Structures are given as structure tokens and as C-alpha cells.
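Enquirer: Input: one structure, supplied below.
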Amino acid sequence: MSRTDRQAATAAVLMALGAPAPFWPLTTSGRQICDAQGRPFLFAIPSDDRDAVELARVVSRLLNEACGVPEAGVAAPLDPDHLDAVREETERAGRQMGRRVGGGR
């Protein structure tokens with residue numbers, strides 16, 4: 001899946017702000033939206049009794065669409081972009097746990 005110029009520009013702006021895509025709701029709170037490095041980026045704070053967790057999911061999906069990042073379930077398992085994302089996430093998780101993980105292409 002290739003990005004449009006607008007999607008590439010959006011991803012570049014967010015990267016310049018220190019928030020690389022993809023984004024997802026942090027599962028422990030559901031309200032925090034994290035960037036690709038697992039750092040909190042946004043907080044979903046609804047102004048009334050809306051579901052904050054669902055709001056965080058929708059905002060994450062919209063940010064990812066704006067950056068041209070497919071949803072996790074949409075990416076083809078052998079797509080190079082998907083494999084790179086899986087490798088990066090594995091390495092990030094390993095670093096958080098203090099393990100050295102490697103490999104790749």
C-alpha cells in the first residue's frame with residue numbers, strides 16, 4: 001500500500017513533532033493514544049458521558065488513515081511494510097523488557 005502525497009505529508013509533520021505513526025490506544029487506560037514508540041501522544045477526554053475508550057480507538061484509526069497506515073488487521077501478513085512494523089514492535093517490546101532482540105532484513 002503506497003501513501004498519497006497528503007498522507008506522506010501528514011506522517012512527516014507528526015514525525016517532526018516527535019510522534020511517529022502508527023497510533024493506538026494504550027490498553028491499560030484506554031484513554032491514552034500512543035505513538036509507534038509506545039509513548040503517550042494524546043489523551044481522549046470526552047466532554048460528556050461518551051465512551052472514552054471508543055473515542056481513543058476512533059481517533060487512533062483516523063490518525064493512522066491520515067498517515068496512510070493500514071489497520072493492523074488489514075495489512076497482508078507478508079507485506080514488507082507489515083513485516084517491518086512487526087519487527088519494529090518486537091524490538092521495541094524487547095527493549096522495554098531489557099532484552100536484546102534482533103534480526104530483520
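The values are calculated or read from the model by the stated rules, or taken from the named source; none is laboratory data. Nothing here was measured: the structure is a model prediction, and the numbers come from that model. With ideal geometry, Cβ positions are generated from the backbone for all residues, glycine too; neighbour counts draw on all protein chains shown. Accessible surface is based on the protein model in full, side chains and every heavy atom, while ligands, DNA and RNA are left aside. Shrake-Rupley method; radii C 1.70, N 1.55, O 1.52, S 1.80 Å.
Enquirer: Given a 1.4 angstrom probe, what's the average accessible area per residue across region 3-67, in square angstrom? Mind dumping the intermediate values first?
Expert: Numbers: 4070 Å² over 65 residues.
Dividing the accessible area of region 3-67 by its residue count gives 63 Å².
Enquirer: Points 7 angstrom from Cα along the Cβ direction at Ala16 and Val86: gap in nanometres?
Expert: Here the modelled spin labels are 3.4 nm apart.
Enquirer: Here's another thing I want to ask about it. Describe numerically, in nm with one decimal, the distance between label points set 7 Å from Cα along Cα→Cβ at Thr4 and at Glu54.
Expert: Those two pseudo-labels are separated by 2.8 nm.
Enquirer: Rounded if a/c is under 1.5, else prolate if a/b beats b/c, else oblate: with a ≥ b ≥ c from the C-alpha gyration tensor eigenvalues square-rooted, which is region 3-67? Walk me through the intermediate numbers first.
Expert: Numbers: a/c = 2.54, a/b = 1.76, b/c = 1.45.
It is prolate, given that a/c is not under 1.5 and a/b is the larger ratio.
Enquirer: Still on this model: So, with a 1.4 angstrom probe, what is the percent of accessible area on region 3-67 that is carbon and sulfur? Write out the running numbers ahead of the final one.
Expert: Values: 2340 of 4070 Å².
Roughly 57 percent, rounded to a whole number.
Enquirer: A further question follows. In nm, what is the difference between 0.36 nm times the number of residues separating Arg61 and Ser29 and their Cα-Cα distance? List each step's numbers first, then the result.
Expert: Details: separation 32, 0.36 × 32 = 11.52 nm, distance 1.72 nm.
Length difference between fully extended and current span is 9.8 nm.
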